[in-house]
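Notes follow once the structure below has been shown.
The values are calculated or read from the model by the stated rules, or taken from the named source; none is laboratory data. Keep in mind the model is a prediction, meaning the values are calculated, not measured. Quick reminder, even Gly has a Cβ in these numbers, built from the backbone with ideal geometry, and neighbours come from all protein chains shown. In case anyone asks, the SASA skips ligands and DNA or RNA and just uses the protein heavy atoms, side chains included. Shrake-Rupley method; radii C 1.70, N 1.55, O 1.52, S 1.80 Å.
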Amino acid sequence: QVQLVESGGGVVQAGDSLILSCAASGRTFSSYAMGWFRQAPGKEREFVATISWIGGTTASADSVKGRFTISRDTAKNTMFLQMNSLKPEDTAVYYCAAHTKPYSTGREVDYDYWGQGTQVTVSS
């Protein structure tokens, strides 16, 4: 079993930066990939970014490209999401997730483990 715990959310102003962390525990991660999703009020949960644990290959949604950067620290079993130039439309609960599929994916159904989420609110 895998446990994922997000942290780093908060209330910021438009244009500010924020970094989210996801601490993973429970199993070795050599065969995992991890990702960030978000869910805004009244909307479906959507893919933000993903990273492979070995190699660090990344992919991200068009809406965050150039502003958000996903990374991981394999020694600390922790994944990060650096969010720059935040906009009010980035307001959402951000979720950390993990899967063992042998391919990169932004599909929610492919992820097996989920954190509890952390709230990010961007005021205008």
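Things worth noting here:
- Beta carbons closer than 8 Å, at least 6 apart along the sequence or on distinct chains, pair a first residue in segment 93-120 that is on the phi < 0 side of the Ramachandran plot and basic (Lys, Arg) with a second that is open to solvent by less than 20 Å² (accessible area, probe 1.4 Å) and not in a loop (DSSP other than H, G, I, E, B) for Lys101/Ala33; Lys101/Asp110.
- Per the listing Ser25, Ser7, the residue uniquely open to solvent by 50 Å² or more (accessible area, probe 1.4 Å), of a type in the set (Ser, Thr, Tyr) and under 27 Å from Ser124 (Cα atoms) is Ser7.
- Scanning segment 25-75 for residues that are more than 21 Å from Gln119 (Cβ to Cβ), part of a loop (DSSP other than H, G, I, E, B) and free of Cβ contacts under 8 Å to residues at least 24 places away in the same chain turns up Thr28, Gly55, Gly56, Asp62, Lys65, Gly66, Ala75.
- A residue that is farther than 16 Å from Ser25 by Cα, out of contact with any strand residue (DSSP E or B) (no Cβ under 6 Å at 6 or more places or on another chain) and not aliphatic (A, V, I, L, M) occurs nowhere in segment 69-79.
- Test: Tyr95 is outside any loop (DSSP other than H, G, I, E, B) and either among the hydroxyl-bearing types (Ser, Thr, Tyr) or at pLDDT below 95 (or both): yes
- Any hit, segment 60-82, residues being open to solvent by less than 20 Å² (accessible area, probe 1.4 Å) and more than 27 Å from Val11 (Cβ to Cβ): no
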